[in-house]
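Have a look at the structure below before the remarks.
The values are calculated or read from the model by the stated rules, or taken from the named source; none is laboratory data. Quantities reported herein were computed from a predicted structural model and do not represent experimental measurements. So basically every Cβ, Gly included, is an ideal-geometry build from the backbone, and we count neighbours across all protein chains shown. These area figures cover heavy atoms from the full protein model, side chains too; ligands, DNA and RNA do not enter into them. Shrake-Rupley method; radii C 1.70, N 1.55, O 1.52, S 1.80 Å.
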Amino acid sequence: MILIIKDLISNLAILVTTLFLYTQVTSDSPLKTSSSVSRKIIAGLLAGVLSNVLMQYSMDFGETIVDLRHVPLIVATYYGGTLPGIITMFLIITGRFMIGVNPSSLAALIMIILITCATVLSNLMNVRRSIKISTALTASNIIFTVIISFLIRDLNIMLVLAPSFWILSYTAGFTSFYIIEYVRKNQKVLDNYKSEATTDALTGLNNVRKFDETFNQVSSQAKQKNERLSLLFIDIDHFKTVNDTYGHKEGDQVLIQLGEILKNTVRSFDVVSRNGGEEFTVILLDCPTERAEQISESIRENVEIHPFSLTTGETIHVTVSIGLACYRETTESTIELISDADAALYEAKKGGRNRVCIA
């Protein structure tokens, strides 16, 4: 009887270790019901392989074998929906018949089909996640107990096997879901940290750190490909007056809306950043001075005519000054591009604001 518990615990260890490794490898693109068909197929295949591995470490009662093959099926169905569940089911059935064709394997066929149906139905329930999981595991345990009672007639074995199976089935199921959710939660936190490290929290644009990183990358590419690279330095005119008059909360609204104007005005592949305060930058990829000036003027005009909405319902108008520098045309070195664009912005401010100045 001790061997029964020992073999089930071995199944549990294999299952937990494999699922942990799987969630680590797929943490960037976890399985969801909205995942692509190809991803669902792959998940179903992997779950089916894991179930077959568990069958290789099962307990033997003559022609009957007992293991935790149903847990990968429940996990795949819960996260991926019906398709990976059906794929896992067919692989389990195939693997069981490869071990042997007998009344026990036919009973296993019925059992795994019923468990699949029960899991799919529980997944459709409009209840909390924990209830769905509990329902699927309980249904599978009941189905197992009913079917195995016809195959194993020894009451002494059943008195040990059934409770042991229920306990380890619940343990394996809840542990599997806990591991998956734990890894996903940690990955989400890590992704948030990565995003916050490179994204301006107010506008959602790149922050100065991301700007520096991107600028270094595109500068190297421009050198290698002999391309033009233009840089715009953009500053809101008299922004301090906006903050002093309406408050910093309303000033933030202006910054947010300006970010949207910039994104909607430049090309889809250009890089827009908020470098701090009221200062923004736009990296125009493979863009000569003439085209960069046209984009700059479009930005200036769009900002000038835009009614900036405040939280009070009031609207105000602001203008921007823009400094422009272009690698290989106004500026010979990418290293000097930032200083040249900044100097051009200073000239635009000095010349009366609400204008574009080219280095």
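When the residues of region 137-154 are filtered to those that are open to solvent by 20 Å² or more (accessible area, probe 1.4 Å) and not aliphatic (A, V, I, L, M), the one that is nearest to residue 74 (Cα to Cα) is 138. For region 172-191, the tally of residues that are surrounded by fewer than 18 Cβ atoms within 10 Å (Cβ to Cβ) and over 30 Å from residue 281 (Cα atoms) stands at 9. Within region 186-211, the set of residues being modelled with pLDDT of 85 or more and among the basic types (Lys, Arg) comprises 209, 210. Across region 85-102, a minimum of one residue is classified as within 26 Å of residue 18 (Cα to Cα), touching a His at 6+ places or on another chain (Cβ under 9 Å) and not charged (D, E, K, R).
Against the criterion of being modelled with pLDDT of 85 or more, of a type in the set (Ser, Thr, Tyr) and closer than 18 Å to residue 165 by Cα, residue 51 qualifies. Can you spot a residue in region 242-256 that is at pLDDT below 95, buried (at least 21 other Cβ atoms within 10 Å of the Cβ) and assigned to a strand (DSSP E or B)? Looking for residues that are at pLDDT below 95, buried (at least 21 other Cβ atoms within 10 Å of the Cβ) and assigned to a strand (DSSP E or B), one finds none in region 242-256, hence no. The condition (being within 30 Å of residue 208 (Cβ to Cβ) and either small (Gly, Ala, Ser) or part of a helix (DSSP H, G or I) (or both)) is satisfied by just one residue among 189, 146: 189. Within region 300-307, is there a residue that is at pLDDT 90 or above and part of a strand (DSSP E or B)? No: zero hits. Within region 134-147, residues that are free of Cβ contacts under 8 Å to residues at least 60 places away in the same chain reach partners that are open to solvent by 30 Å² or more (accessible area, probe 1.4 Å) and β-branched (Val, Ile, Thr) with beta carbons closer than 9 Å, at six or more positions or on different chains, in the pairs 135/127; 143/110; 147/110. Being in contact with a strand residue (DSSP E or B) (Cβ under 6 Å, 6 or more places away or on another chain) and hydrophobic (A, V, I, L, M, F, W, C) is the requirement here; does residue 269 meet it? No; evaluated as a whole, the condition is false for this residue.
Of all residues in region 192-228, those being polar (S, T, N, Q), outside any helix (DSSP H, G or I) and surrounded by fewer than 14 Cβ atoms within 10 Å (Cβ to Cβ) number 1.
Among the residues of region 62-99, those identified as open to solvent by 30 Å² or more (accessible area, probe 1.4 Å) and either assigned to a loop (DSSP other than H, G, I, E, B) or farther than 16 Å from residue 118 by Cα (or both) are 62, 63, 91, 94, 97, 98, 99. Scanning region 285-318 for residues being open to solvent by 80 Å² or more (accessible area, probe 1.4 Å) and out of contact with any His (no Cβ under 9 Å at 6 or more places or on another chain) gives a total of 7.
The number of residues in region 319-347 being under 17 Å from residue 278 (Cα atoms), open to solvent by less than 60 Å² (accessible area, probe 1.4 Å) and free of Cβ contacts under 8 Å to residues at least 40 places away in the same chain comes to 1. Put simply, of 113, 167, 157, 133 the only residue that is assigned to a helix (DSSP H, G or I), crowded, with 19+ Cβ neighbours inside 10 Å and aliphatic (A, V, I, L, M) is 133. Within region 39-61, being open to solvent by less than 70 Å² (accessible area, probe 1.4 Å) and part of a helix (DSSP H, G or I) holds for 40, 41, 43, 44, 47, 48, 50, 51, 52, 53, 54, 55.
The set of residues from region 130-168 being closer than 18 Å to residue 106 by Cβ and not hydroxyl-bearing (Ser, Thr, Tyr) comprises 143, 144, 146, 147, 148, 150, 151, 152, 153.
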